[in-house]
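*Asks:* First the structure, which I've put down as structure tokens, then a few questions once you've had a look.
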Amino acid sequence: MRRIGTSLLILGIFGTMLILLCMTGRSSALKPPAAPVFSKDSGFYDEAFLLELHADEGERIYFSLDGSDPAYYGVLYTEPILVYDRSMEPTVLRSYPGTHFEWEYETDTSIVDRCFTVKAIAKDDKNRISEAATGIYFIGKTGYEGMVLSITADPRDLIGDDGIIVRGKEYDEWVEAGEEGDGPQANFLKRGREWEIPCTIDLFDNRKHVSEEKGGLRVQGDSSRFYYLKRFSIYARQEYDGEDYFSTDFFGDGSKVHSVVTRTGRANALFPKLTEGRSSLGIRSVPVTVFLNGEYWYDAWLGEKYSSYYFNSHFGIARDNIISVKNGELDEGDAEDYGSYMRMTEYIGSHDLSRKDAYDHLCDIMDIQSYIDYCCINLYAVNVDGDDKTNAYLWRTRQAEPGHEYADTKWRYALYDMDALDWIVPEEYGVSSAAEVNTFTAVPPDGDMRPFEENELFAALKENPDFCKQFVNTFMDMIDSDFSKENARRVLQETGLELDYNDAFFIRRPEYMKTYIKEEFD
């Protein structure tokens, strides 16, 4: 019996080995070709050169020079490609007329810096296609000592009938038909995953190529969606690169990043950095020059995006335990989660927060220090485009997670969209500079908003003496530390700006703000 059992065991092992060998052979047979190899790495070069593309014997190479998918729109590679400075050639995306409404902006047809982009795939004799390889080449360009982000995407996904940065075929047909009835929504105003396109991002730092990754690209922002040079959100996803986080260390601290955004406002980048360590979270940002399909797009700030991935990577909080509300609307979570936010706002409106019991209960469901920090930073930064709800981001955990910072189910405020300092007109507020604006009483330009001191939550909390004391003490400490001339100089130098940025704002603002605090709370 033992001999028979041993024989059967040997046969079983042998059979398993045969099956594994067959599976391995089949897997090998189904394996697609490797991506083409470029004779020159992406980077900065002094002069034009001939670029050679290589693939395995018997494979054909197809390439494109405009960001198009070479698998569908590529040209057969037969000889080396001349890589040269394309800066004197007309732009395509920057000057495309369909990226905005005609009555708002004009496209920019001026000559701008260009980089030379090459995308290539290999195809074998069974028509199996490799992943695309990308080459980004800056020829004869000086400067660009900082970070440069090159975004490459199929132009049809950008400016085609369903392109994400244009009005779109449906809208244009409505205009041509006489604009009868309600018009369709322009493509660049549409949101969500269905308006995300695949892209390749190449990052350069100090003129050296750092990384190349694949991701998803969307138009970002609210009012900025109307600009002809769109802002973008870029996402890491399994479907693009097999990972939910980028491998690139965008912010120099080794942390994992799921999504980033390009913004053109400086204040949104500066104030979170000035107030690092405060209870109101702020996104990290770094200055970056953006190219889109080889065309200089703008100088911007590359920042993180708040998401369940953000709170997971920074604080170790489980992704399915995050609830967030942006601009008063549910951002992450479900209807029941939104109910907890609505119950908090209803409590604020129906209780006298000057009473200790009511105030203490609110402190149990909201991190009051987080709200105070949020208010002080926005008031100091002259963010007249935000209040308790507008351009506000709130978040909490659904359940407590012992040992994890912030995972205590309390609602917290995070800094979000603080760009007003870069575009306000001081004369509209009866002053000569932004540093002089009294942001407690200033009437916002948006007719649906009210002065900050009239916001429901702030006005209710101001009736409580403990809140007022904590608020004033926090604000005065921020002015003397976070917003001190020394700290401002340090942060501005790190980001390439001068202390007199925005009409000496950081020099003049402290004394004005101290006066306004005294007037508001005396």
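The values are calculated or read from the model by the stated rules, or taken from the named source; none is laboratory data. These numbers were taken from a predicted model, which means no experiment stands behind them. A quick note on method: Cβ atoms are made from the backbone with ideal geometry, for glycine too, and the neighbour counts reach across all protein chains shown. SASA here: full protein model, heavy atoms, side chains in, ligands and nucleic acids out. Shrake-Rupley method; radii C 1.70, N 1.55, O 1.52, S 1.80 Å.
*Asks:* Report the full-extension gain for the segment D41 to D125: residue separation times 0.36 nm, less the Cα-Cα distance, to one decimal in nm. Walk me through the intermediate numbers first.
*Replies:* Working: separation 84, 0.36 × 84 = 30.24 nm, distance 2.74 nm.
Net length gain for the segment: 27.5 nm.
*Asks:* May I have the extent of the alpha carbons of segment 166-205 along their three principal axes, as whole Å values ordered from largest to smallest?
*Replies:* Principal extents (Cα only, largest first): 50, 18, 14 Å.
*Asks:* Provide the net charge surrounding I372, with neighbours chosen by a C-beta distance below 12 Å and charges set as Lys +1, Arg +1, Asp -1, Glu -1. Walk me through the intermediate numbers first.
*Replies:* On the way: positive: R278, R412, K462, K469; negative: D367, D373, D466, D477.
For residues surrounding I372, the net value is 0.
*Asks:* In nm, what is the difference between 0.36 nm times the number of residues separating D448 and K169 and their Cα-Cα distance? Numbers along the way, then the final one.
*Replies:* Numbers: separation 279, 0.36 × 279 = 100.44 nm, distance 3.26 nm.
Between D448 and K169, full extension yields an extra 97.2 nm.
*Asks:* Fully extended, how many nm does the chain gain between E494 and D253 (0.36 nm per residue separation, minus their Cα-Cα distance)?
*Replies:* Numbers: separation 241, 0.36 × 241 = 86.76 nm, distance 1.55 nm.
Result for the pair: 85.2 nm of gain on full extension.
*Asks:* Determine, from the Cβ-Cβ distance of R207 and E329 and an R0 of 56 Å, the FRET efficiency 1/(1 + (r/R0)^6), rounded to the nearest 0.05. Let's see the in-between values first.
*Replies:* Values: r = 43 Å, r/R0 = 0.76.
E between R207 and E329, to the nearest 0.05, is 0.85.
*Asks:* What are the radius of gyration and Dmax of segment 425-513, computed over its Cα atoms and given in Å?
*Replies:* 15.3, 42
*Asks:* Of V37, L149, G98, which is farthest along the charge dipole of the chain in the positive direction, counting Lys and Arg as +1 and Asp and Glu as -1 at C-beta?
*Replies:* V37
*Asks:* Which one, L379, H361, S313, is farthest towards the positive end of the dipole of segment 307-396 when Lys and Arg carry +1 and Asp and Glu -1 on their Cβ?
*Replies:* Of the listed residues, the answer is L379.
*Asks:* Follow-up. Regarding segment 50-192, what's the average projected area of the Cα-atom convex hull, expressed in nm²? Spell out each step's value before the answer.
*Replies:* On the way: hull surface 49.0 nm².
About 12.3 nm², averaged over all directions.
*Asks:* Still on this structure, please answer the following. Of the cross-linked pairs K356/K462; K141/K273; K356/K389; K469/K518, which ones have a Cα-Cα span greater than 19 Å in the structure shown?
*Replies:* Correct reply: K141/K273; K356/K389.
*Asks:* What is the dipole size for segment 281-348, taken about its Cα centre, with +1 at each Lys and Arg Cβ and -1 at each Asp and Glu Cβ, in debye to the nearest 20? Please list the in-between numbers first.
*Replies:* Working: 5 positive and 11 negative charges, 53 e Å.
With only Lys, Arg, Asp and Glu charged at Cβ, the dipole is about 260 debye.
*Asks:* State in Å² the accessible area per residue of the chain; use a 1.4 Å probe, count heavy atoms of protein chains only, and round to the nearest integer.
*Replies:* Result: 48 Å² of accessible area for each residue.
*Asks:* Charges only on Cβ, +1 for Lys and Arg, -1 for Asp and Glu: so what's the dipole of the chain about the Cα centre, in debye to the nearest 20?
*Replies:* Working: 55 positive and 94 negative charges, 452 e Å.
Dipole magnitude for the chain comes out near 2180 debye.
*Asks:* Over segment 84-137, with a single point scatterer placed on each C-alpha, what log10 of the ratio I(q)/I(0) does the Debye formula yield at q = 0.32 1/Å?
*Replies:* -1.17
*Asks:* Kirkwood hydrodynamic radius (Cα pairs, Å) of segment 128-172?
*Replies:* 13.9
*Asks:* OK, next. Hey, what do the phi angles of segment 219-233 turn into as Karplus ³J(HN,Hα) couplings, whole Hz, using 6.51/-1.76/1.60 and θ = phi - 60°, x for Gly and Pro?
*Replies:* Taking θ as phi minus 60°, the curve returns 6, 10, x, 10, 5, 5, 5, 7, 5, 6, 9, 5, 8, 10, 10 Hz for segment 219-233.
*Asks:* Placing +1 on the Cβ of each Lys and Arg and -1 on the Cβ of each Asp and Glu in the chain, which of N268, W411, I479 has its Cα farthest towards the positive end of the resulting dipole?
*Replies:* Ranked along the dipole, the leading option is W411.
*Asks:* To the nearest 0.05, how large is the calculated FRET efficiency for K514 and Y144 if R₀ is 35 Å and r is the Cβ-Cβ distance?
*Replies:* Values: r = 41 Å, r/R0 = 1.19.
After rounding to 0.05, the efficiency reads 0.25.
*Asks:* Moving on to the next point. For segment 250-328, which GluC sites (Glu not before Pro) pass both filters: DSSP loop (anything but H, G, I, E, B) and at most 13 other C-beta atoms within 10 Å? Walk me through the intermediate numbers first.
*Replies:* Details: sites: E276, E295, E304; in loops: E276.
Here the GluC sites (Glu not before Pro) that fit, given the DSSP loop and packing criteria, are E276.
*Asks:* Can you list which of the DSSP-assigned H helices in the chain have a Cα extent of 20 Å or more along the long axis and an average Kyte-Doolittle score of at least 0.5? Write out the running numbers ahead of the final one.
*Replies:* Values: long enough: 2-30 (42 Å, 1.24); 335-350 (22 Å, -0.74); 465-480 (23 Å, -0.02); 501-521 (29 Å, -0.92).
Once both thresholds are applied, what remains is 2-30.
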